[in-house]
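The values are calculated or read from the model by the stated rules, or taken from the named source; none is laboratory data. Every value quoted in this text rests on a predicted model; they were computed, and no experiment measured them. No Cβ is skipped: glycine too gets one built from the backbone with ideal geometry, and neighbour counts run over all protein chains shown. When the accessible area is computed, the model is the full protein with side chains, heavy atoms only, and any ligands, DNA or RNA have been set aside. Shrake-Rupley method; radii C 1.70, N 1.55, O 1.52, S 1.80 Å.
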Amino acid sequence: MAKELPKVYDPKEVEDRIYKMWEEGGYFHAKIDPSKKPFTIVMPPPNVTGQLHMGHAMDATLQDILIRFKRMQGYSALWMPGVDHAGIATQIKVEEELRKEGLTRYDLGREKFLQKVWEWKEKYGNRIVQQQKTLGSSCDWERSRFTMDEGCSAAVREVFVRLYEKGLIYKGSRIINWCPDCVTALSDAEVEYQEKPGHLWHIKYPVKDSDEFVIVATTRPETMLGDSGVAVNPKDERYQHLIGKTCILPLVNREIPIVADEYVELEFGTGCVKMTPAHDPNDFEVGLRHNLEVIRVLDDKGVVNELGGKYQGLDRKAARKAVLADLEALGLLVKTEDHVHNVGTCYRCHNDVEPLISAQWFVKMKPLAEEALRVVADGETKFVPERFTKIYTNWMENVRDWCISRQLWWGHQIPAWTCADCGKITVSRQDPTECEHCHSKSITRDEDVLDTWFSSALWPFETLGWPEKTPELDYFYPTDVLVTGYDIIFFWVARMIFSGCEHTGKAPFHTVLIHGLVRDDKGRKMSKSLGNGIDPLEMVDRFGADALRMNMVTGNSPGNDMRFYVERCESFRNFANKIWNASRFVLMNLTIDKPGLPDVSALETADKWILSKLNALIGEVTENLEKYELGMAVQKVYDFIWDQYCDWYIELTKSRLYGEDESSKTTAQQVLVYVADQFLRLLHPFMPFITEEIWQAIPHEGESLIIASWPTVNPALSFPQEETAMEKIMDVIRAVRNRRAEMNIPFSKKSTLYLVSNEPELYKSGEAFITKMAYASELVLTDDLPENHESMISAITPDAKVFMPVSQLLDIEKELANIQKELEKAQKDLGFIENKLNNPGFMAKAPQAVVEGEKEKAEKLRQLISQLEDSKARLEKM
RNA sequence: GGGCGCUUAGCUCAGUUGGUAGAGCAUCCGCUUGACGUGCGGAUGGUCAGCGGUUCGAGUCCGUUAGCGCCCACCA
């Protein structure tokens, strides 16, 4: 049944076909099956408008590996996919589209605008799903969800109402982070701080009824329009006499009090701080303590409002210039210092965030944080790598109330109605028709929508049907592993944990697997503005999805950033091609059509060796995967396939496959197929496409590799003795090859090999291999040195000496130098070990096995040295 | 100010219970070896950032210093 496969593996030809086959087979769909254990991963939902980038590729690869592994292990493995409505991002995108037509969202009005966004969502929402499929992601697409679908919306509403009723959601006027460009409030997590060079301006405020001044220092002079006080430290001797007096706010001519507050640092600046309670969180706190007026002078777009007097209408930058110019003209600007400070910027648009007072909705975090901290402290939820536990804990312990309202249109509108008559708020699961307090009909719904992360926080259970008690929720929840980058631990992971605890009474997953960021080859973050992003789809196109996946999971350690090298994709493409050709070889020489091993008695040394190696591999890879050491797991499979199976086992079978012994031939074929079948299974989670394609081509049982069972260690196929024997034979082959390579002897020059050892029967069993792979014209096994061995080239292993009579090709000086080098190395090594053995401490305290091992090593080295010395002496005579 | 990570071969990085260091790429030598030149066989290359400690023994554990990077807090 020899099959003809092309010489080069072509992923393009294979991947779409295989993916379709999986989809049509329904293998991605996880059924509720009481006879199986569930294993669940919820996918971090990408933005509806998003394009697949390397971060997604990383996420998807890790999750797919775990899901495929568990599916093969017999779990009902659910990978729950979906997309996120991504409030700001999506709204901005649609607004940009509108702008091309010269329109704003206000021109359309809320209803029409939302209609537009939904159209946009229908148009582009599926794009990223298609892109994910090219990576081979085995998601249960039938269950795919959208954060604004009916179910999720119901869950969001339920959660909002519950938290409100428990007093954990409230509306209040607080200093929040406001982005004047996105025109919305942001949560603390959405602010990114950047060190920026700025200035510290020193401004004179005249003290009322006095010739004195106080000098305040500020980095944001325009906010002085909203100043309602000046604060000094109560212990500051310089200003004791001014406490309780008032000063005249320049430009505005408002009388503002001078108050004493511990908040002010004595050493920084002048020791006097202008107080702008409406535009600074600290000033707001101080203001509360001293009853300072709250005067908000910037509007939602960052433009000075009517309280800013003559500066009204200027945006914040222009206002700063104007204020400084006027102060200068009045001689009130006494000093301008360079000053580097941290400026909060919007994570979306990267413009400076303006802290300002605003009425917003908040989630009271302290009570929710308690359980979220406990489940992690008690190990019910573990972070991998472990170090992220501390980051999470630290954040959760210091968490402040979460500002959840956004002044957007695209999102879950807050289910709160304010009464025009009594002014009270009605929050309800059903849209109310009247105020629940005074029954007035004049109620209006809050315009704001919820932070996108408010719905994402419910993702692990809302996607399974919560708040309904669905069978899915019962079976698949809590989920198992959550995979994501460290950059969204606060945004998402933390919020899912407290939400899961609060609403379902259970932590939403037992493991959080954190990965790092994918950077470019210079270590820079991939970004649109830098134009240094590498498109995963292009990599799939050029090298195949399997190669890209391998790149994602190797070459870095968990939780650390990785640099993306295109060359690495290339090397994994080569690996794919290597496996392809190995299987091509197997298929070309195949006369059997059923899988299965022969009786153990039929197995030869080489067979037992590879089977034994395979057994060890299965154990290690499984263990690595259970511990989320994906990179290590796949490295071992890679090495096994390339170094053991291809470089050795295939070569070892050739003489049998081309030989006359039919039984040996069949055995070799059976083992070749068996081992291939097993390593294809081990590799499948990592390189799903090529493994499936090959598996379908070789004799196999079952309909698809994706649902084939995961290999398990089989003690009956462990052969330590044959493993050792084979290694000894391989040592001889390597030694001869090394020696020949050192002397540049071409393969075509064959020679008689005299092999001297005290286990001639062992080497006899490997005669065919040694002859072929060590380029022998003839192999002579002896237990005594051959005649004229002095004139031969020697290759030495710990257990054997090989002599080759090719003196005519020998460069004696080069050979002597080689031997001298080896001798020195051996002597150095021996010295090291002898030191150990002469060390009474070592002899007394090291475990017996280690001591024995060292003694053996020393003995081997002594033998090697004496052999080398012999060779040296011989050569010197020549 | 607090915390974390990194520093290992020319480059990028592995190295999980402490037992004289590995991979990929690059470099050099050789090879039309009946699967594969996207290949085969070899080779070169490392005082594992510095210092101190624990230990019979440290890349691996502890302390400390330096450089780089990140996160959190934020003195206007």
Scoring region A:492-565 by relative contact order with C-alpha pairs under 8 Å, at least six apart, yields a percentage of 35 percent
Out of residues 5 or more away from A:ALA260 or on other chains, whose amide H comes under 5 Å of its own, with H placed 1.01 Å from N in the peptide plane? A:VAL232
So who's got an amide H within less than 5 Å of the one on A:PHE146, skipping anything under 5 residues away but keeping other chains? H placed 1.01 Å off N, in plane. A:VAL83
Based on the Cβ-Cβ distance from A:ASP561 to A:GLU787, what FRET efficiency comes out when R0 is 60 Å, to the nearest 0.05? 0.40
Per the Cauchy relation, a quarter of the hull surface: what is the mean projected area of the convex hull of the alpha carbons in region A:41-118, in nm²? 6.4 nm²
Please list the radius of gyration and Dmax for region A:828-878, considering alpha-carbon atoms only, with Å as the unit. 14.5, 49
How long are the semi-axes of the equivalent ellipsoid of region A:301-345, defined as square roots of 5 times the Cα gyration tensor eigenvalues? Whole Å, largest first. 20, 18, 7
Check each of the GluC sites (Glu not before Pro) in region A:213-307 and keep only those in coil by DSSP with at most 13 other C-beta atoms within 10 angstrom; list them in order. A:GLU262, A:GLU265, A:GLU267
Isotropically averaged projected area of region A:326-413, using the convex hull of Cα atoms (one quarter of hull area), nm²: 11.0 nm²
Taking one equal scatterer on every alpha-carbon of region A:397-517, how large is log10 of I(q)/I(0) by Debye at q = 0.09, 0.11, 0.13, 0.20 1/Å? -0.35, -0.51, -0.68, -1.11
Under 11 Å from the 7 Å Cα→Cβ point of A:LYS321, by amide nitrogen: which residues of region A:196-225? none
Label point distance in nm, A:SER440-A:ASP338, each placed 7 Å from Cα along Cα→Cβ: 5.9 nm
Once you compute Rg and the Kirkwood Rh from C-alpha atoms, what is the Rg to Rh ratio for region A:549-618? 1.14
Out-of-range pairs (alpha-carbon distance over 31 Å; input A:LYS7/A:LYS613; A:LYS12/A:LYS594; A:LYS627/A:LYS857): A:LYS627/A:LYS857
Compute the Kirkwood hydrodynamic radius of region A:86-193, taking the inverse of the mean of 1/r over all pairs of distinct Cα atoms, and give it in Å to one decimal. 17.2 Å
Extension gain (nm, one decimal) between A:ALA154 and A:ASP647, 0.36 nm per residue minus Cα-Cα: 171.6 nm
Sorted largest first, extent of region A:400-455 alpha carbons per principal axis (Å): 33, 24, 18
Across region A:730-747, in residue order, what do the Karplus-derived ³J(HN,Hα) couplings come to in whole Hz, using 6.51 cos²θ - 1.76 cosθ + 1.60 with θ = phi - 60° and x for Gly and Pro? 5, 4, 4, 4, 5, 4, 5, 4, 4, 4, 5, 5, 4, 9, 6, 8, x, 4
Apply 1/(1 + (r/R0)^6) to the Cβ-Cβ distance of A:VAL850 and A:VAL713, taking R0 = 41 Å, and write down the FRET efficiency to the nearest 0.05. 0.95
Per residue, what volume in Å³ does the Cα convex hull of region A:718-803 take up? 91 Å³
Given that compact globular proteins tend to follow 2.2 N^0.38 Å, what is the ratio of the alpha-carbon Rg of region A:444-586 to that value? 1.41
Taking Cα atoms only, Rg over Rh for region A:23-178 with Rh from the Kirkwood formula is 1.06
Going by a ≥ b ≥ c, the root eigenvalues of the Cα gyration tensor, does region A:303-453 fall in the rounded group (a/c under 1.5), the prolate group (a/b larger than b/c) or the oblate group? oblate
Given 37 °C and 0.692 mPa s, how large is the Stokes-Einstein diffusion coefficient of chain A in µm²/s, with Rh as the Kirkwood radius over Cα pairs? 99 µm²/s
Relative contact order (%) - chain A, alpha-carbon pairs under 8 angstrom, separation at least six: 13 percent
Rounded to whole angstrom, the alpha-carbon centroid of region A:556-574 lies from that of region A:728-744 at a distance of 33 Å
So which aspartates and glutamates can A:LYS37 reach, going by Cα to Cα under 16 Å and dropping same-chain residues fewer than 8 places off? A:GLU472, A:ASP474, A:ASP480, A:GLU626
A 1.4 Å probe over the protein heavy atoms gives chain A a carbon and sulfur accessible-area percentage of 49 percent
Cα-based Kirkwood hydrodynamic radius, region A:744-878, one decimal, Å: 16.6 Å
Short to long, in 5 Å steps from zero, the percent of alpha-carbon pairs of region A:231-291 per bin is 4, 19, 28, 27, 18, 4
Cross-link reach from A:LYS93 to lysines, straight Cα distance under 22 Å and at least 8 residues apart if same chain, gives A:LYS112, A:LYS116, A:LYS121, A:LYS123, A:LYS301, A:LYS528
